[in-house]
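The values are calculated or read from the model by the stated rules, or taken from the named source; none is laboratory data. Quick caveat, the model's predicted, so the values are computed rather than measured. A quick note on method: Cβ atoms are made from the backbone with ideal geometry, for glycine too, and the neighbour counts reach across all protein chains shown. All accessible areas refer to the heavy atoms of the entire protein, side chains included, with ligands and DNA or RNA removed. Shrake-Rupley method; radii C 1.70, N 1.55, O 1.52, S 1.80 Å.
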Amino acid sequence: MKIYDFEGFPNPARIRIALAEKNLTDQVTFVSVDVPGGEHKTKEFLARNPSGLVPALELDDGTVISECTAITEYIDAVSEGPSLTGETPKERAVTHMMQRRAEAELLDAVAAYFHHATPGLGPDIETSQCADWGNLQKERALRGMRYFDDVLADREFMTGDSFSMVDITAFAGLAFADFAKIDVPADCANLIAWRQRVASRPSIAG
Ligand SMILES: N[C@@H](CCC(=O)N[C@@H](CS)C(=O)NCC(=O)O)C(=O)O
């Protein structure tokens, strides 16, 4: 398996954490795509992933899988150990639902703020910015933080008692928020405590 990514960026980090959780890091070849230099928008990369985004997983038979949710579901299905995506139909459905919320209400909202209302990745890449929409997405991300703070009032992890891909996504969302200078509201005590717990996992702390 190959992973096309750029180390340190939030979505690639989601897959690196998932691989570490599943003890698969050593079985993957990482291919660095120079995102700040625009390599993800070249014809060659777009042929691999028409979305022009990293990460992308390439299987040994040449199949390319993009989107962190799909990549994580694949990684989870082919490996042993505690599931990141749920065991039962109900767990899988709840995990998928919460994953979508962690993307839409947090990580993707922060990303939209970064790409539209700040210089983002620079003028060569950010060619169609809309600052008003970006600023609305910042408000959405802050509402998302409050929503996840409420969710965590009665549970250790985003979907219940077990760590899942939703925790990975929300953790990456907060890391991106730091980078984009969106502060977690100080009264989100559950979210702040959860973040510390997650940060201490070997897959993240190293
Ligand atoms: N929904 C995608 C998001 C991927 C994404 O936005 N990746 C960023 C890096 S963190 C990227 O490639 N950005 C390049 C760009 O926006 O031009 C996923 O889940 O994989």
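Can you report the number of residues in the range 9-31 which are open to solvent by 30 Å² or more (accessible area, probe 1.4 Å) and more than 9 Å from the ligand (Cβ to nearest atom)?
10
Conditions tested, residue by residue: (1) at pLDDT below 95; (2) assigned to a helix (DSSP H, G or I); (3) of a type in the set (A, V, I, L, M).
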{"residue": "Pro12", "(1), (2), (3)": "no, yes, no"}
{"residue": "Ala18", "(1), (2), (3)": "no, yes, yes"}
{"residue": "Asn23", "(1), (2), (3)": "no, no, no"}
{"residue": "Asp26", "(1), (2), (3)": "no, yes, no"}
{"residue": "Phe30", "(1), (2), (3)": "no, no, no"}
{"residue": "Asp61", "(1), (2), (3)": "no, no, no"}
{"residue": "Glu73", "(1), (2), (3)": "no, yes, no"}
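Among the residues of the range 190-200, is any free of Cβ contacts under 8 Å to residues at least 40 places away in the same chain, assigned to a loop (DSSP other than H, G, I, E, B), over 19 Å from Ala20 (Cβ atoms) and not assigned by TED's automatic domain parsing to the domain that holds Leu53?
No, the range 190-200 has no match at all.
Suppose we filter the range 151-173 for residues that are part of a helix (DSSP H, G or I) and within 22 Å of Lys22 (Cα to Cα); how many remain?
Number satisfying all stated conditions: 9.
Hey, among the residues in the range 32-64 that are among the β-branched types (Val, Ile, Thr) and within 10 Å of the ligand (Cβ to nearest atom), which one's surrounded by the fewest Cβ atoms within 10 Å (Cβ to Cβ)?
In this case the residue turns out to be Val35.
Go through the range 110-150 and report how many residues are free of Cβ contacts under 8 Å to residues at least 60 places away in the same chain and either open to solvent by less than 70 Å² (accessible area, probe 1.4 Å) or assigned to a helix (DSSP H, G or I) (or both).
So the count comes out to 27.
Exactly one of (1) within 22 Å of Gly206 (Cβ to Cβ); (2) in a loop (DSSP other than H, G, I, E, B); (3) open to solvent by less than 60 Å² (accessible area, probe 1.4 Å); (4) without any contact (Cβ under 8 Å) to a residue 60 or more places away in the chain is unmet by Glu80. Its number?
For Glu80, the exception is condition (3).
Hey, can you tell me all the residues within the range 151-183 that are open to solvent by 20 Å² or more (accessible area, probe 1.4 Å), in contact with a Pro (Cβ under 9 Å, 6 or more places away or on another chain) and small (Gly, Ala, Ser)?
Those that are open to solvent by 20 Å² or more (accessible area, probe 1.4 Å), in contact with a Pro (Cβ under 9 Å, 6 or more places away or on another chain) and small (Gly, Ala, Ser): Ser162, Ala175.
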